[in-house]
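The values are calculated or read from the model by the stated rules, or taken from the named source; none is laboratory data. In this text the structure is predicted, and so the values were computed from the model without any measurement. Ideal geometry is used to build each Cβ from the backbone, glycine not excepted, and the neighbour counts take in all protein chains shown. Quick note on the areas: whole protein, heavy atoms, side chains included, nothing else; ligands and nucleic acids left out. Shrake-Rupley method; radii C 1.70, N 1.55, O 1.52, S 1.80 Å.
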Amino acid sequence: MSEKHYDVLFSDKLGRYLVANKDLNAGSVIFTDTPFAFGPKQDSSPLCLGCYCPVENSVCSRCSWPICSEACEKSSAHQPECDALSAARVQFQPVQDWTEASPQLDCITPLRMLLAKERDPSRWQQEIDMMETHTEERKKQASWAADYNNIVNFLLNHCKLGARFTEEDIIRVCGIIAVNAVEIPSRGGYSTHAVYPQLAVAAHSCVPNIAHTILYNNYEVQVRAAIPIKAGDILYISYTHALSPTIVRREHLRESKYFDCECQRCADPTELGTHMSTIKCSKCDNGVILASDPLDNESKWKCTDLKCGFETSSAAMRKMLAVIQAEVDQLDALQPTPEAIEMREAFLEKYKSVFHPRHSILLSVKYTLAELYGRVEGYTIDELPDLMLERKVEMCRLLLTTLDVILPGDTRMRGMMLYELHAPLMYLARSEFSAGLITQEQLKTRLEEPMKCLAGAAKILQREDPQSPEGTIGFIASQSLEQLKASVESL
Ligand SMILES: [Zn+2]
Ligand SMILES: [Zn+2]
Ligand SMILES: [Zn+2]
Ligand SMILES: [Zn+2]
């Protein structure tokens, strides 16, 4: 690796964490890292153990575990477990429905960690051995008994690995994966996860200052500064979903990473003024309902209008969010059809009196709508009436101004929203020009913003793997920018 731009420090509160050791520009690479091990996430449906595409009735001729092709059968990712599984003659048990989650693959990533430890004990010693496992807390979780059976018991007794690994080794590896692995996109588009030793040391914040890109080829991760970072600044990654409300993010972090986030965004009832957790009060006209102490999971939620005085419990709030989130999940399962757009608009209409317009639930639906307008049959960009072009613009801008606060700088989401914003801006300007509402000079001026959007999208998204959906859009954005420049010059 080239020059190192960070130091590893230790504190009681953060454990090990990373600090920039020089000033870094937005977009500059801070470090790259390769996974110690990677593989399917828990409860994955059967995926090819070479390329992670979904498979059906297709297995390795040697070990009989899911594999899509001869090339994947011989891939280096699959070899270690292929040896171990075929030596023990443990076969993948046929399943009824190959698209359903199956616990059978749960053992694969832990097994790969163990085998990698055996192959490279010094890297294990230097980079993995000191990682957090939170074993005692994990033993209290509802999933422990199933994990013990599907992974520990399976590897020790069915795979007969007791001579090579102890029960404690396996439990440790499971904890290291649970606490430290990050989700990675695979070529097949199916999510897998990986343990990156350096990335795992970065502290968490719900307002991160670094962004990471994973390359499909070798799963190398590139970690960049999302915003300008000063020497001495802590490097923060986010281990949760940016567009979730505080209650949901903190619950997710507690359950999956075993800590209570106290970042500035979590600590602020208004989520730094974004109002991503804010509910409208149904009992009065002017008040909104906010958590009185967002860092206390049992805190009351109170109307800001003191005369109104309405309050409710955080349990009631959680229940309401869960019920409405289930509706969003149903929307997200829809194919991109005109109905999918119309149902989302109906959803926004239904809940506009419940949530602040920037509430996470509405924002995530608006994010999807911003992508759907212009891309769906009957709603393609050249057939959208001006009113709908303006709607797309409005949603992109709402997302971008929110991202400025919670996910500042060069991130994939910003790149995608900038790309989505350029097209309606361009079409609206042209439509006004052809209606004679603006002059040619004004048209030129109006096309400057879509050019900036394309330039921003191209810059950010071309850092992604060229085969990924985002990387593809980055490439299209840079081509569209050239075309738009040429057409403006010819005006
Ligand atoms: Zn494959
Ligand atoms: Zn095999
Ligand atoms: Zn937080
Ligand atoms: Zn009220």
Starting from the 7 Å offset along Cα-to-Cβ, what nm value, one decimal, do you get for the label separation of Ala333 and Asp404? 3.8 nm
With r defined as the distance between the Cβ atoms of Gln462 and Ser69 and R0 fixed at 30 Å, what FRET efficiency is calculated, to the nearest 0.05? 0.50
If R0 = 51 Å, then Glu377 and Ser490, at their Cβ-Cβ distance, give a FRET efficiency to the nearest 0.05 of 0.95
Which of the listed residues, Met388, Ser360, Ser313, is farthest toward the dipole's positive end in the stretch 313-489, when Lys, Arg count +1 and Asp, Glu count -1 at the beta-carbon? Ser313
Would you kindly calculate the mean projected area, averaged across all directions, of the convex hull enclosing the Cα atoms of the chain, in square nanometres? 26.7 nm²
Please compute the length gained on full extension between Gln325 and Glu311, using 0.36 nm multiplied by the number of residues separating them and subtracting their Cα-Cα distance. 2.8 nm
Taking only Cα atoms, what is the 0 to 90° angle, nearest 10, from helix 360-372's long axis to the longest principal axis of the chain? 80 degrees
For the stretch 137-152, take each phi angle, set θ = phi - 60°, evaluate the Karplus expression 6.51 cos²θ - 1.76 cosθ + 1.60, and give the result in whole Hz per residue in order, putting x for glycine and proline. 5, 5, 5, 8, 6, 4, 7, 4, 4, 5, 4, 4, 5, 6, 10, 5
What angle do you read, to the nearest 10 degrees and between 0 and 90, between the alpha-carbon axis of helix 314-332 and the longest principal axis of the chain? 80 degrees
Once you have all Cα-Cα distances for the stretch 353-491, histogram them in 5 Å bins from zero and send the whole-percent values. 2, 10, 18, 21, 21, 15, 8, 4, 1, 0
How far is the Cα center of the stretch 430-482 from the Cα center of the stretch 279-341, in Å? 36 Å
If you line up the long axis of helix 338-351 against the longest principal axis of the chain, both from Cα atoms, how many degrees apart are they, to the nearest 10? 80 degrees
Given the chain, longest segment not containing exposed loop trypsin sites (Lys or Arg not before Pro) (DSSP; at most 10 other Cβ within 10 Å): 308-491
For the full complex of protein chains and a 1.4 angstrom probe, list Phe165, Phe310 by accessible area with the highest value first. Phe310, Phe165
Probe 1.4 Å, heavy atoms of protein chains only: per residue, the accessible area of the stretch 46-181 in Å² is 48 Å²
Can you give the relative contact order of the stretch 46-181 as a percent, counting alpha carbon pairs under 8 Å and 6+ residues apart? 22 percent
For Arg430 and Tyr148, extending 7 Å from Cα along the Cα-Cβ vector and measuring point to point gives, in nm, a value of 6.5 nm
Once normalised by the length of the chain, the mean sequence separation of its alpha carbon contacts under 8 Å that are 6 or more apart gives a contact order in percent of 13 percent
Residues whose built amide H sits under 5 Å from the amide H of Thr192, excluding neighbours closer than 5 in sequence, are Ile184, Ser186
Solvent-accessible area per residue, Å², over the stretch 294-404 with all protein chains present [probe radius 1.4 Å]: 51 Å²
For the chain, what % of the accessible area comes from carbon and sulfur atoms, probe 1.4 Å? 51 percent
Which FRET efficiency value, to the nearest 0.05, is calculated for Asp83 and Glu342 with the Förster distance at 56 angstrom and r the Cβ-Cβ distance? 0.55
Sticking with the crude label model, points 7 Å out along Cα→Cβ, report the distance from Lys444 to Val354 in nm, one decimal please. 5.1 nm
Determine one quarter of the surface area of the Cα convex hull of the stretch 46-181, which equals its mean projected area, and express it in nm² to one decimal. 8.3 nm²
